[in-house]
Structure formats: C-alpha cells, structure tokens
1. In the stretch 151-198, what residues are touching a residue at least 40 places away in the same chain (Cβ under 8 Å), outside any strand (DSSP E or B) and within 20 Å of Leu107 (Cα to Cα)?
2. Quick check on the stretch 122-130. Is at least one of its residues in the same structural domain as Ala152 (by TED's automatic domain parsing), buried (at least 16 other Cβ atoms within 10 Å of the Cβ) and of a type in the set (Val, Ile, Thr)?
3. All but one of (1) assigned to a helix (DSSP H, G or I); (2) modelled with pLDDT of 75 or more; (3) within 25 Å of the chain's Cα centre (by Cα); (4) not polar (S, T, N, Q) hold for Lys61; which doesn't?
4. Only residues that are modelled with pLDDT of 75 or more and of a type in the set (A, V, I, L, M, F, W, C): list them for the stretch 40-58, please.
5. What do you reckon, is Val210 in contact with a Pro (Cβ under 6 Å, 6 or more places away or on another chain), assigned to a loop (DSSP other than H, G, I, E, B) and under 21 Å from Gly66 (Cα atoms)?
6. Quickly run through the stretch 81-115 and pick out the residues that are modelled with pLDDT under 90 and in a strand (DSSP E or B).
Amino acid sequence: MASVLAAIVSLGESLYEHYKDRPLSAYMLLVLSVGAFWLGTYRAWEKKADELDQEKARNAKPEIAGRVVHAVVRMFGSSRNHGIQTPTCDIAIKLAITGKTAVDATLKDAELLLEAAGRKYIGQRLSLSRWDMYQYSDRSGAKSEKMNDLIASITYSNPIRYRIASDGWLDFLVEGLALPEADMPLRADMTITLVDELGDKHVIVGKDVVMRH
C-alpha cells in the first residue's frame, strides 16, 4: 500500500507540473476527484487497521480489574530502625478481581502504596497462613472467614478468567503508620499493584478505605 500511495503522489506531482499553466479539462477534474476520494478512503482504512491491531495486541495480554472489599489492621507494634522506634502495622486487604480480556492470568507478586494524613507508606508483602481467619460482625451476628492468600490461591488450574470473579487476601507490613486516637477510624487511599506471571502490572485503587482494627 505504501508503494501505491507513493505512486499516486508522484503522479499527482507530474500532473500538477503539466497542467499548472493550463485550464483543467472535465476529464482531469474527474481523475483528480477519484484520486482524492481513493486517498481519503485509504487513510480511513489505514486508521481502522491500526485500531484493530492495537485492540488485538491488548487482547493478547491479560488485563486484571478489581476492587477493595475489606481492609483490616491485624496488629500494631514497633520496630527499631537505625536506633529509632518506628510504629509498624500488619494490614490485610481482601480484593475481588476479574479478567478484562479473554487471556487467563496468574499472579506472582503484589505491591502496596498507602496514602494517609498527607503521607505515603510502602507495604512489604507477607504470606498468609492457611490458619489465618478474619472475624467480623454483621446484622446476622458474629462471623469468621478464612483469609486465603490471593497469590497462592491463583494457580494455573485456577487462574483469573475473563469476567469470572475471584477473591482473596493480601497481607502487608507497613512501617511508620501509627494507630489513630481511640474510636477514630483509620482511613487511607490504597494503590495495590498486582504483578502477573508475565511481569505486567495491574493497578487497583481504593479511595478513602476504612481499615478496621
């Protein structure tokens, strides 16, 4: 197609040089009109082809979407860093996720960025054990839920699939985040980055998430 377009441009230049000082005949006007129409059609086709290629490239990779379901501060403590006592906390986050393309995906890691009270905190991912439980209450009374590790539970036999919901927990150790005053909720903006087996990253954002403790 590029060679055809180059030929048309060359022909147009030749015609211009030949007829620039002469009145154009009806035949030449027809030829130029057809050429302009063809050129416009070709450019529209080329743009559509580029869009289809981009869509095909996107669909060749997994794309993961999700939301934060729960966030729980499981433990507060402190650590000594360069001789200074620093508050630390263990934060477990439950995610609901699904695939946005028809390519299955598995996970190999996750990252956490917290923003609270104008400060940013980086979470270090920890593994959840099969004994970890989340206990909570709702209108029907006290309940408990097994905290399945999201990374471990997403496998090749149980991948993230297109438009099929999966859920699981991620656990992070966060340094510097202090417990708020009594009876005050701990709120934060969360950016969870899931890293799939191909090394591609998928970002899930939770705004003003209340972390129960």
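The values are calculated or read from the model by the stated rules, or taken from the named source; none is laboratory data. Computed from a predicted model, the values in this text were never measured in an experiment. Glycine gets a Cβ as well: all are built from the backbone with ideal geometry, and neighbour counts include every protein chain shown.
1. Ile151, Ile154, Thr155, Tyr156, Pro159, Arg161, Arg163, Ile164, Ala165, Glu197, Leu198
2. no
3. Checking Lys61 against (1) assigned to a helix (DSSP H, G or I); (2) modelled with pLDDT of 75 or more; (3) within 25 Å of the chain's Cα centre (by Cα); (4) not polar (S, T, N, Q), the one that fails is (1).
4. Answer for the stretch 40-58, where residues must be modelled with pLDDT of 75 or more and of a type in the set (A, V, I, L, M, F, W, C): just Ala44.
5. So Val210 does not fit the description; no.
6. Asn81, Ile84, Gln85, Thr86, Pro87, Thr88, Cys89
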